[in-house]
Amino acid sequence: MCGIVGLFLKDPLLEPKLGDMLTDMLITMTDRGPDSAGIAIYGAESEGNSKLTVQSDTPDQDFSKLDNELRKMVKGKVSMDVIDTHAVLTMQADQIAIARAALAEIRPSVRVMSQGDTLEIYKEVGLPKDVAARFNLRQMSGTHGIGHTRMATESAVTTMGAHPFNTGTDQCLVHNGSLSNHNSLRRKLRRLGVHIETENDTEVGAAYLTWKMQTGSTLGEALQSSLDDLDGFFTFVVGTKDGFGVVRDPIACKPAVMAETDQYVAFGSEYRALVNLPGIDTARVWEPEPATVYFWSHNAAPTAQEKAA
Amino acid sequence: MQTFDLEARGLRDLNATLHAQAENTNQTHWEIINPKGSHAIAVGLDAPIEVSVKGSTGYYCAGMNKQATVHVHGSAGPGTAENMMSGTVIVEGDASQYAGATGHGGTLIIKGNASSRCGIAMKGIDIIVHGDVGHMSAFMAQSGNIVVCGDAGDALGDSCYEARFFVRGSVKSLGADCIEKEMRPEHIAILEDLLERGGCDAKASEFRRYGSARQLYNFDVDNAAAY
């Protein structure tokens, strides 16, 4: 069992309250997943810049003078905001790959949580309310975000086993369920050169989507093919720079409820997570159909599988 | 009328209060406010009382119900009226997966749509759905009736026994050993009674009947490859 929440805002006036609303939704889902929690938040974009969100178990040591050291290795400015065990490194977008390589060398114990122009991922072991407080999630603003509360079934309770997973630039994935063919798929993807860090089943799902998109699929196509290639139970919620998507396996035993108003599209593992959203009493509330890819986007020209907000 | 604020007083207090109502209680009408999708509202009732829930409910609302009438003025989460023995449960909105699962008796009326696995392993309950039902509905259904005024999803009635399924709209696919059956006068009479109890604006003549082909009841060596 796990809990998923997601909020995609159509009304920009709600953007300063995104973190606050998502935090309440996340905490409501504590009894579906009390062992770890995480949140992916899509914030403001700064022209030409991109962000790496990194994590360390020894942040005092690892983040000390990290920005200064990186400045010597990449072109342009580097800024660093440390938030508990995480730090957000902002730099020129074309320097991100160089910075990642440099980090592996100068700070091998630092783990990259996410990479993207607007995306930041924060996740840790612990009760959702404690994780939210550590990262001050309530104060965060943004256009959309996805949260996850984990009750581990397939692998260890660790920071790297927590969700969301970063699947590509500005992309993330959360999962409720359990994949049954993750070992064979992990071996296949590793043979193809895909980096997979842990024994976690969801990381394999995330790596699978990343690999599909790197080999020419759109996100919608990658989600569609996941229905053929992934065995087991899953409700996936994915985030992109422009929007978010939902897909459930054909059996669809993992719960999912959605609500839509003029102001937002919301996702919850249970209706309980949505009850305090504004206008919920008059929202359109429904369960996403099994084996069907849903997508909402801020993109003015959505693809066939997207829906303009 | 007794009003109970679930948010203020909590679930244990609610269910303990409802369980304390005896057969001859004079507090026969209960209104639950602020349900906010909470789990296990009004489960295990065993008295002829009427409980009205003003909002949407979470998992297992009105599970194991006996005698009581539970009326949800909203939508209901997974496992609503699971293992009901008798009484009536009415959902004004939609019901999530496995509504009425394993129900032995009583009537479950869903005025919106029911999700997947509606009536799974039902054992005598009558389920009346004004809208559609999702995939794998009536899986392993043993006895009782399901009425679907809309459409049914994939694999209706898979591996069913002696339950009856009446569907007005389309059936996406039938499950293993489930077939369409002749609608005889006695079935029309049963369906007319169900439609009236469910408050459905539909004519019995518009429905088709489905049920077991009875080919999976006993082991058949010719089917060995299918197991």
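Restrict the check to region A:139-149 and report whether at least one residue is open to solvent by 10 Å² or more (accessible area, probe 1.4 Å) and touching a Ser or Thr at 6+ places or on another chain (Cβ under 7 Å).
no
So A:N200 fits all but one of (1) polar (S, T, N, Q); (2) in contact (Cβ under 8 Å) with a residue 60 or more places away in the chain; (3) open to solvent by less than 20 Å² (accessible area, probe 1.4 Å); what number is the exception?
The number of the failed condition is (2).
Scan region A:121-130 and tell me whether some residue there is of a type in the set (F, W, Y) and in contact with a Gly (Cβ under 7 Å, 6 or more places away or on another chain).
Yes: region A:121-130 contains one or more residues that are of a type in the set (F, W, Y) and in contact with a Gly (Cβ under 7 Å, 6 or more places away or on another chain).
Could you list, in sequence order, all residues of region A:277-287 that are facing chain B (nearest Cβ under 10 Å) and open to solvent by less than 30 Å² (accessible area, probe 1.4 Å)?
Listed by number, the list holds a single entry, A:I280.
Considering each of A:R191, A:R186 in turn, give the residue that is open to solvent by 10 Å² or more (accessible area, probe 1.4 Å) and either among the aromatic types (F, W, Y) or farther than 24 Å from A:G116 by Cα (or both).
Exactly one residue qualifies, and that residue is A:R191.
Report whether or not B:V133 is crowded, with 21+ Cβ neighbours inside 10 Å and more than 14 Å from chain A (Cβ to nearest Cβ).
no
Go through region A:30-106 and tell me which helices (runs of 4 or more DSSP H), entirely inside it, have 1 or more residues that are more than 18 Å from the chain's Cα centre (by Cα), of a type in the set (S, T, N, Q) and within 30 Å of A:V157 (Cβ to Cβ).
Because the criterion is at least 1 residues that are more than 18 Å from the chain's Cα centre (by Cα), of a type in the set (S, T, N, Q) and within 30 Å of A:V157 (Cβ to Cβ), the helices (runs of 4 or more DSSP H) in region A:30-106 that meet it are A:59-62.
Hey, can you tell me all the residues within region A:227-276 that are open to solvent by 10 Å² or more (accessible area, probe 1.4 Å) and touching a Cys at 6+ places or on another chain (Cβ under 9 Å)?
A:F233, A:T240, A:K254
Can you pull out the residues in region B:17-69 that are open to solvent by 60 Å² or more (accessible area, probe 1.4 Å) and either at pLDDT below 95 or not in a loop (DSSP other than H, G, I, E, B) (or both)?
Within region B:17-69, B:H19, B:E23, B:N24, B:N26, B:Q27, B:H29, B:D46, B:E50, B:K54, B:K66 meet the criteria.
Among the numbered criteria (1) more than 17 Å from the chain's Cα centre (by Cα); (2) more than 9 Å from every other protein chain (Cβ to nearest Cβ); (3) modelled with pLDDT of 90 or more, which one does A:E306 miss?
Status for A:E306: all satisfied but (3).
How many of the residues in region B:99-138 are over 21 Å from A:K254 (Cα atoms) and not in a loop (DSSP other than H, G, I, E, B)?
Qualifying residue count for the region: 11.
What number of residues within region B:71-130 are out of contact with any Leu (no Cβ under 7 Å at 6 or more places or on another chain), of a type in the set (A, V, I, L, M), surrounded by 24 or more Cβ atoms within 10 Å (Cβ to Cβ) and within 21 Å of A:R272 (Cα to Cα)?
6
Hey, can you tell me all the residues within region B:70-91 that are away from chain A (no Cβ under 13 Å), over 10 Å from the mean Cα position of the chain (by Cα), part of a loop (DSSP other than H, G, I, E, B) and not polar (S, T, N, Q)?
Correct list: B:M85, B:G87.
For region A:253-272, give me the residue count where each residue is within 12 Å of chain B (Cβ to nearest Cβ) and among the polar types (S, T, N, Q).
Selection size over region A:253-272: 1.
When residues of region A:222-252 are filtered for being free of Cβ contacts under 8 Å to residues at least 60 places away in the same chain, within 14 Å of chain B (Cβ to nearest Cβ), assigned to a loop (DSSP other than H, G, I, E, B) and in contact with a strand residue (DSSP E or B) (Cβ under 6 Å, 6 or more places away or on another chain), how many remain?
Looking only at that region, the number is 0.
Matching residues to (1) of a type in the set (V, I, T); (2) within 14 Å of another protein chain (Cβ to nearest Cβ):
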residue	(1), (2)
B:H19	no, no
B:N26	no, no
B:E31	no, no
B:G37	no, yes
B:I41	yes, yes
B:D46	no, no
B:K54	no, yes
B:G58	no, yes
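Within region A:1-26, how many residues turn out to be within 23 Å of A:V88 (Cβ to Cβ) and open to solvent by 10 Å² or more (accessible area, probe 1.4 Å)?
Number satisfying all stated conditions: 7.
Just the residues that are surrounded by fewer than 19 Cβ atoms within 10 Å (Cβ to Cβ) and closer than 28 Å to A:L22 by Cα, please, taken from region A:49-67.
Within region A:49-67, A:N49, A:D57, A:T58, A:P59 qualify.
The values are calculated or read from the model by the stated rules, or taken from the named source; none is laboratory data. In this text, all values refer to a predicted model and were calculated from it rather than measured experimentally. So basically every Cβ, Gly included, is an ideal-geometry build from the backbone, and we count neighbours across all protein chains shown. Calculation scope for accessible area: heavy atoms of the full protein, side chains included, ligands and nucleic acids excluded. Shrake-Rupley method; radii C 1.70, N 1.55, O 1.52, S 1.80 Å.
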